[in-house]
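First the structure, in the form of structure tokens, and then the observations on it.
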Amino acid sequence: MLFQLPNHETLYEALVARDPSYDGRAYVGVTSTGVFCRLTCPARKPKPENCRFFDTVSACIEAGFRPCNRCHPLAPTAKADPAIEILLDALEKNPGYRWKEDTLITRGFDPSTVRRTFKRHFGMTFLEMARLSRIRNGFETLSRGGRVIDAQIDANFDSPSGFRTAFARLLGQSPSSLMEGGLLRADWIETPIGAMIAVSDKSTLHLLEFADRKGLPTELKKLRRLSKGGLGIGRYGPTNQIEAELAAYFRAESAKFDVPLAFHGSAFTRSVWEVLRQIPVGKICSYSDIAKAVGKPSATRGVARANGANQIALVIPCHRVVGADGSLTGYGGGLWRKQYLIELERRFTVSAKAKK
């Protein structure tokens, strides 16, 4: 189930095409310059005979290559763009600020360029990201038992209708329709790669998704229908547990998730999820590998659907599944997150080897 690099010709074609699907999965060392790059590097392409391909950054360094100063292979893809780094830093320092296109212009950015860049890397614009950040403030107010009007003010929305609409776009229902003390409770968890929404009852975790995932309202609607006890804002014990486990995971201290899970899916879907949980940290596999593991080698498409139906991100590690050729494939949280997670988990394996 280990990823095998495609042949030299395939990788060179991907290099020439600057194929983004190989980001985080393959790197090229250029013997004529001594540097290694992402396959998407904007620099002039070397001759095929001057290329050596590797599957990890550490392999490039061990082979004597130094990182390229143009494509920054040691940094996550998105962070290699200076505009992204500046704006994300500004957003982190002041998450409640109301960003507008005029603000971007005042700060020396072209709004259309920023819009395209963020959309390409994150699947959402910077203004959408900033809006989501403000909603978090309102979400936290409601979680503490605050009134809807207080949540609106804390989220820095001028109009009640604007706040209700933005909130409903996130959770699929208006803030006033959330049940007090519902059987299921939703709360916000911050991570280095974006906010996540966790939903749990008193004993199990039902959902863990990135807050900007477009399918989140639909997933929450299904949960409300299944629970019949309504959805409220707040948290039970499993949410506290997964928050602590996620913190250790992102510090590269532990990839062990012991939080009890509630699976909502068919028998086949649940069998796929169980196999996903057995993929070791730092390893990846293909959809066909999973299909063989569940005893249905021809069910590759079914496996892909089950992968996409996963409602408990990271704990059920669907990010460890790649295309048959090793390229990054669709991930509900965005390919940039998939790249980040795969690179993060390589640190676990490097750390484990160092301890031996």
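Values as computed for the structure displayed
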{"quantity": "Flag for ASN137 being modelled with pLDDT of 85 or more and in a helix (DSSP H, G or I)", "calculated": "yes"}
{"quantity": "Hits in the range 138-165 - residues which are under 22 Å from the mean Cα position of the chain (by Cα) and surrounded by fewer than 18 Cβ atoms within 10 Å (Cβ to Cβ)", "calculated": "GLU140"}
{"quantity": "Residue tally, condition among the basic types (Lys, Arg) and touching a Lys or Arg at 6+ places or on another chain (Cβ under 9 Å), over the range 156-194", "calculated": "1"}
{"quantity": "Hey, VAL259 modelled with pLDDT of 95 or more, assigned to a loop (DSSP other than H, G, I, E, B) and either in contact with an Asp or Glu (Cβ under 9 Å, 6 or more places away or on another chain) or among the aromatic types (Phe, Trp, Tyr) (or both) or not", "calculated": "yes"}
{"quantity": "Test: residue in the range 102-113 that is among the aromatic types (Phe, Trp, Tyr), assigned to a helix (DSSP H, G or I) and either more than 29 Å from LEU208 (Cβ to Cβ) or not assigned by TED's automatic domain parsing to the domain that holds GLY194 (or both)", "calculated": "no"}
{"quantity": "Cβ pairs under 7 Å, 6+ apart, first in the range 85-110 and in contact (Cβ under 8 Å) with a residue 12 or more places away in the chain, second part of a loop (DSSP other than H, G, I, E, B) and surrounded by 12 or more Cβ atoms within 10 Å (Cβ to Cβ)", "calculated": "GLY96/ASN156; ARG98/ASN156"}
{"quantity": "Test: residue in the range 185-196 that is assigned by TED's automatic domain parsing to the domain that holds GLU92 and in contact with a Gly (Cβ under 8 Å, 6 or more places away or on another chain)", "calculated": "no"}
{"quantity": "Of residues in the range 22-45 being surrounded by fewer than 19 Cβ atoms within 10 Å (Cβ to Cβ) and touching a residue at least 12 places away in the same chain (Cβ under 8 Å), the one nearest to LEU341 (Cα to Cα)", "calculated": "THR40"}
{"quantity": "Selection count where residues are at positive phi and part of a helix (DSSP H, G or I), scope the range 297-322", "calculated": "0"}
{"quantity": "Qualifying residue in the range 132-146 (condition: among the hydroxyl-bearing types (Ser, Thr, Tyr), closer than 21 Å to LEU170 by Cα, assigned by TED's automatic domain parsing to the domain that holds ALA166 and touching a helix residue (DSSP H, G or I) at 6+ places or on another chain (Cβ under 7 Å))", "calculated": "yes"}
{"quantity": "Selection count where residues are in contact (Cβ under 8 Å) with a residue 12 or more places away in the chain and farther than 24 Å from SER227 by Cβ, scope the range 145-189", "calculated": "8"}
{"quantity": "Residue satisfying condition, being touching a helix residue (DSSP H, G or I) at 6+ places or on another chain (Cβ under 9 Å), of a type in the set (Gly, Ala, Ser), modelled with pLDDT of 85 or more and under 17 Å from ASN310 (Cβ atoms), within set ALA198, ALA166, ALA186", "calculated": "ALA198"}
{"quantity": "Members of the range 332-356 that are of a type in the set (Ser, Thr, Tyr) and either over 16 Å from the mean Cα position of the chain (by Cα) or modelled with pLDDT under 80 (or both)", "calculated": "THR349, SER351"}
{"quantity": "Among (1) at pLDDT 90 or above; (2) loosely packed, with under 15 Cβ neighbours inside 10 Å; (3) in a helix (DSSP H, G or I) - the single one ASP89 does not satisfy", "calculated": "(1)"}
{"quantity": "Identity of the residue in the range 168-214, part of a helix (DSSP H, G or I) and over 21 Å from the mean Cα position of the chain (by Cα), that ends up surrounded by the fewest Cβ atoms within 10 Å (Cβ to Cβ)", "calculated": "SER176"}
{"quantity": "Test result for LEU226, in a helix (DSSP H, G or I), at pLDDT below 90, aliphatic (A, V, I, L, M) and farther than 26 Å from PHE122 by Cα", "calculated": "yes"}
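The values are calculated or read from the model by the stated rules, or taken from the named source; none is laboratory data. Because the structure is predicted, anything quoted here is derived from the model rather than measured. Heads up, the Cβs are rebuilt from the backbone with ideal geometry, glycines too, and the neighbour counts pull from every protein chain shown.
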